[in-house]
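> Have a look at the structure that comes next, please.
Bear in mind these aren't lab numbers, they're just calculated from the coordinates by the rules spelled out. Note that the coordinates shown come from a computational prediction; the quantities given were computed from them, not determined experimentally. Cβ: placed from backbone, ideal geometry, glycine included. Neighbour counts: every protein chain shown.
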Amino acid sequence: MVVQVDMQDAIDYFRAPKKTNWKSEINKFQLNPLLLMQFQKAIEEEAYNAGGGKFVAPAQRLIDFYNNKISSTLPECSYLPGVQSADLKTVLPSFIHSFLKQAFKNFEKKMHGYFTNDAIVVATESRTSSPVRIPRNKNTLHHPQIKNLFPCGEGAGYAGGIVSAAMDGEKIASTISILFNK
């Protein structure tokens, strides 16, 4: 499951009272294109600490995650160096935690048997695309300063996987076709 994060989400996250160690940094990064990298770093630090260090990942059984309950045991997991039971509500930003809870419950409606405590939620795979977004004009989709440069897909920060990158590519191709076939 993936939750989209935008600049305002990161700004709000760093402004939260519990993020005092990042408070002094937010003003530096608020308008900086690297803000989402700082957000990613902060979440990865939370996960690292919650896992007890040594890159052990914090995890919860799926229904325990949904019910905000720390799992007393975890099933085997293919992630090496391993997982450790933790409260992922303290690791993930609240908006990500709540979106994931709803997504897991909704997914069960489409794929019966998905919502089970045999499944685990492991935190955190913190990127599906570049945390740096290359700017593009909202209407023409080209870079605002470089003529005929059309940032596109995962590397430009506009997609989070193969399908969304392909869709963004189609969007760019369609826009270019319209712009240049006038």
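> Determine the shape class of the range 83-182: with a ≥ b ≥ c the square roots of the Cα gyration tensor eigenvalues, call it rounded for a/c under 1.5, and otherwise prolate if a/b is greater than b/c, oblate otherwise.
Verdict is prolate for the range 83-182.
> While we're looking at this one, here's another question. What residue among Val121, Gln4, Gly51 has its Cα farthest toward the positive end of the dipole of the chain, where the charges are +1 on Lys, Arg and -1 on Asp, Glu, each on the Cβ?
About the Cα centre, the residue reaching furthest to the positive side is Gln4.
> Roughly how tilted is helix 162-180, in degrees to the nearest 10 and between 0 and 90, from the longest Cα axis of the chain?
Roughly 10 degrees between the two axes.
> Given axes a ≥ b ≥ c from the Cα gyration tensor, I'd like to know whether the range 128-182 is rounded (a/c under 1.5), prolate (a/b larger than b/c) or oblate.
It is oblate, given that a/c is not under 1.5 and a/b is not larger than b/c.
> Give me Thr128, Thr116, Thr175 sorted ascending by neighbouring Cβ count inside 10 Å, so fewest comes first.
Ranked by crowding around the Cβ, least crowded first: Thr116, Thr128, Thr175.
> Okay, next question. Return the subset of Lys89/Lys110; Lys89/Lys171; Lys54/Lys105; Lys41/Lys110; Lys41/Lys109 for which the Cα-Cα distance in this structure is over 28 Å, preserving the input order.
From Lys89/Lys110; Lys89/Lys171; Lys54/Lys105; Lys41/Lys110; Lys41/Lys109, over 28 Å: Lys89/Lys171; Lys54/Lys105; Lys41/Lys110; Lys41/Lys109.
> Here's a follow-up. Compute the distance from the alpha-carbon center of the range 133-182 to that of the range 68-131, in whole Å.
Taking the Cα centre of each part, the range 133-182 and the range 68-131 sit 32 Å apart.
> If the cut-off is a Cα-Cα distance under 12 Å, which aspartates and glutamates reach Lys69, setting aside same-chain residues fewer than 8 apart in sequence?
Asp87
> Have a look at the chain and give its Rg and Dmax from the Cα atoms, expressed in angstrom.
So, for the chain, Rg and Dmax equal 19.2, 64 Å respectively.
> Here is a further query. Once the Cα atoms of helix 35-50 and of the chain are each reduced to a long axis, what angle between those two axes, in degrees from 0 to 90 to the nearest 10, is obtained?
10 degrees
> So for Phe107, Phe99, fewest C-beta neighbours within 10 Å to most, what's the order?
Phe107, Phe99
> If I fit a long axis through the Cα atoms of helix 94-110 and take the longest principal axis of the Cα atoms of the chain, what angle between them do I get, 0 to 90°, rounded to 10?
Computed tilt is about 80 degrees.
> Where does the longest stretch of the chain lie that holds no GluC sites (Glu not before Pro) found in a DSSP loop with 16 or fewer other Cβ atoms within 10 Å?
For GluC sites (Glu not before Pro) (loop position, at most 16 other Cβ atoms within 10 Å), the longest site-free span of the chain is 1-75.
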